[in-house]
1. If you fit an axis through the alpha-carbon atoms of helix 35-47 and take the longest principal axis of the Cα set of the chain, what angle between them do you get, 0 to 90°, nearest 10?
2. Keeping all protein chains in position, work out how much accessible area Asp40 exposes to a 1.4 Å probe, and write it in Å² to the nearest 10.
3. Which one of Leu16, Leu55, Leu25 has the biggest mean-square fluctuation once the chain is modelled by GNM with Cα springs under 10 Å?
4. Where both partners of a DSSP beta bridge lie in the chain, what percent of those bridges are antiparallel, to the nearest 5?
5. Work out how much length Glu57 to Arg44 would gain on full extension: take 0.36 nm times their residue separation and subtract the Cα-Cα distance, in nm to one decimal.
6. For the chain, with all protein chains present and a 1.4 Å probe, just round the carbon and sulfur fraction of the accessible area to a whole percent.
7. As a test of the formula, what do you get for the chain when each DSSP H run with n ≥ 4 contributes -39,500 (n - 2.57) and the sum is divided by the residue count, at 222 nm and rounded to the nearest 500 deg cm²/dmol?
8. Just to confirm, what accessible area per residue do you get for the chain at 1.4 Å probe, in whole Å²?
Amino acid sequence: MADFKTTGKLAAVGELSSILAYRALGVHTVAADSPAEVEDAVDRLAAAGYTVIFLTEPAAEQVPEVLRRY
């Protein structure tokens, strides 16, 4: 039987008004509005070992190359 007992860190990246709900749930949040901010946030979070990084739709649309990378 597979062992599903894993732990991981969650984060959400995007415009502040959209990620506040994640913050209320205890998810680490990073406000990012420009493509450079979104890319930097995703790269830093991935390097820090975050296993799930949620992006708001507007943030994701700004950085298709980052989505392909990860």
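The values are calculated or read from the model by the stated rules, or taken from the named source; none is laboratory data. Computed from a predicted structure; not experimentally measured. All Cβ positions, glycine included, derive from the backbone under ideal geometry; neighbour counts span all protein chains shown. Note: areas computed on protein heavy atoms with side chains; ligands, DNA, RNA excluded. Shrake-Rupley method; radii C 1.70, N 1.55, O 1.52, S 1.80 Å.
1. 20
2. 70
3. Leu25
4. Numbers: 0 of 9 bridges.
Rounded to the nearest five, the antiparallel share is 0 percent.
5. 2.7 nm
6. Details: 2720 of 4750 Å².
C and S fraction of accessible area: 57 percent.
7. Numbers: 4 runs with 34 residues, N = 70.
Computed ellipticity for the chain at 222 nm equals -13500 deg cm²/dmol.
8. Numbers: 4750 Å² over 70 residues.
Heavy-atom accessible area per residue stands at 68 Å².
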